[in-house]
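Data first, discussion second: the structure below is written as structure tokens.
The values are calculated or read from the model by the stated rules, or taken from the named source; none is laboratory data. In this text, all values refer to a predicted model and were calculated from it rather than measured experimentally. A quick note on method: Cβ atoms are made from the backbone with ideal geometry, for glycine too, and the neighbour counts reach across all protein chains shown.
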Amino acid sequence: MKVKITGLLLLCSVVIGMAQQKKWTLEECVLYAVENNLTVAQAELNLESARIDQSDAMGALLPSLNGSLSASANTGLALDPTTNNLVSATIFSASGSMTSSVTLFDGLRNYNRIERAKLNVISGQYQLDDFKDDIKLSVANAYLQVLSNKESLKVFKAQNAVSLQDLKRTSELVNSGVVPRGDLLNIEATVADQEQQIVNAESMILISKISLAQLLGLTDYENFDIAEEEFNIPPSDILDNSAKVIFDKALTFRNDIKFAMSGIELAQKDLEIAKGAKYPSVGAFINYNTRYSDQNNDPFTGEAIPFKDQLYINDGISYGAQMSIPIFNGFSVRNNIKRAKINVDQARIDYERTMLELETNVNQAYVNVISFYKAYEAAEKTLEARRLAYQYSKERFDVGLMNSFDFSQEQSRVDNAEADVVRTKYDYIFRLKILEFYFGIPISLE
């Protein structure tokens, strides 16, 4: 029995360990964020609320039906509700009614409210999809930031490993009296600087992982990590298109543009609803009612009329129509129309501003792709030159033609060049993905 329990505990610990060691890919991060991000969840609730509003608007066109029941007892002089005679007695009476009413015409306001509710559902969907687009870009940026920091850490550790070897070799030379002790101190300072860089890089990795986890709605920061993937510069022909072409295509599918356009349509519907208040409203109703009293007796026999018979004898139907004509209402209708017109103009301005922002973002993204790629190419050329210079300096240092301070400076330049290559590489990849996203290409690092 103990063996079985021990085996079960071991299996559970393995399963838990595997869960804790999950490595998130970019695709998994994007999908999980879209499903679990709080901003997206709030937008989904807003969309559900808009669907309920649509149901309310459609229900306003249907006839209403309401029933009522009442019962009362009176002692002393009272009015018999069935005979309308004053009697001095204890009377128990009951009544019931059912009324149905319908709006026949209200300046098409109910119809326009339904149309507005439909537009509001569509607008809510556009807003939700726009939030999802923003989340995808934010997750991609945060993911690439973690990758960049991890690559930088690898560079710093590799550089530190080389420096430790130089430190060991220089220490032996100092002990044998070949080189002065100052050379050893310079290399020790370089190693200390690199160890500080490693600590800082590890901190940056933790901070960037926390930022990514928060976008996903995860709180187990210690066990959260991304897949150990290495991404090269992805092939892309996006720059074969001009910024104008990319912008024109973005206008056809971007959800922020659709959302802004739906704002104009909603404001126009609000204006039509406000104008409808100028017209008369016409409604119709029908009512059925009946009543009972324990004092209602047969005039021929003097016996009390049964409850069921009274409901039949005392029932009645009323029906009719009414018209409400707006004549003067303190300028409220006129002012509401003016406000609605202003809201239409504001919605148009918001749409124009959204288009300008998108055009600015596309052009900025286009320029960024070009400039960051040039920066990446320049960083690679600089690194190649620094490595050649370092190799030459190392050969001179090994034969005693260069002191340790100058040699450590050359090594530091290589370190900085390698870090610049990593940074500009991921900066370029992210800007490239942004520009492709504006062109309708899904986010992927493949």
Subject >> Scope the stretch 235-250; condition surrounded by 14 or more Cβ atoms within 10 Å (Cβ to Cβ) and either over 18 Å from T360 (Cβ atoms) or of a type outside the set (G, A, S) (or both); matching residues >> reply: S236, I238, L239, N241, I246, F247, K249
Original post:
Are any of the residues in the stretch 39-59 at positive phi, modelled with pLDDT under 90 and either of a type outside the set (D, E, K, R) or surrounded by fewer than 16 Cβ atoms within 10 Å (Cβ to Cβ) (or both)?
Top reply: no
Subject >> Given (1) out of contact with any Asp or Glu (no Cβ under 8 Å at 6 or more places or on another chain); (2) in contact (Cβ under 8 Å) with a residue 12 or more places away in the chain; (3) closer than 30 Å to V121 by Cβ, number of the condition A227 does not satisfy >> reply: (3)
Subject >> Criterion: in contact (Cβ under 8 Å) with a residue 60 or more places away in the chain, out of contact with any Pro (no Cβ under 9 Å at 6 or more places or on another chain), under 25 Å from A43 (Cβ atoms) and not charged (D, E, K, R) - qualifying residue of L271, L239, L215 >> reply: L215
Original post:
Applying the selection to the stretch 304-350, what residues are β-branched (V, I, T) and under 30 Å from the mean Cα position of the chain (by Cα)?
Top reply: I342, V344, I349
Subject >> Sole exception among (1) surrounded by fewer than 21 Cβ atoms within 10 Å (Cβ to Cβ); (2) under 28 Å from S444 (Cα atoms); (3) not aromatic (F, W, Y) for L86, by number >> reply: (2)
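Let's see how each residue does on (1) touching a helix residue (DSSP H, G or I) at 6+ places or on another chain (Cβ under 9 Å); (2) over 30 Å from A71 (Cβ atoms):
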position: K308; (1), (2): no, no
position: D315; (1), (2): no, no
position: G320; (1), (2): no, no
position: A340; (1), (2): yes, yes
position: V344; (1), (2): yes, yes
position: L356; (1), (2): no, yes
position: N361; (1), (2): yes, yes
position: A365; (1), (2): yes, yes
**OP:** Name the residue, out of R396, R387, R353, that is surrounded by fewer than 19 Cβ atoms within 10 Å (Cβ to Cβ) and either within 41 Å of the chain's Cα centre (by Cα) or outside the structural domain of P234 (by TED's automatic domain parsing) (or both).
**Re:** R353
Subject >> Any chance E222 is in a helix (DSSP H, G or I) and of a type in the set (D, E) >> reply: no
Subject >> Criterion (hydroxyl-bearing (S, T, Y) and in a helix (DSSP H, G or I)) met by exactly one of T75, T90, T39 >> reply: T39
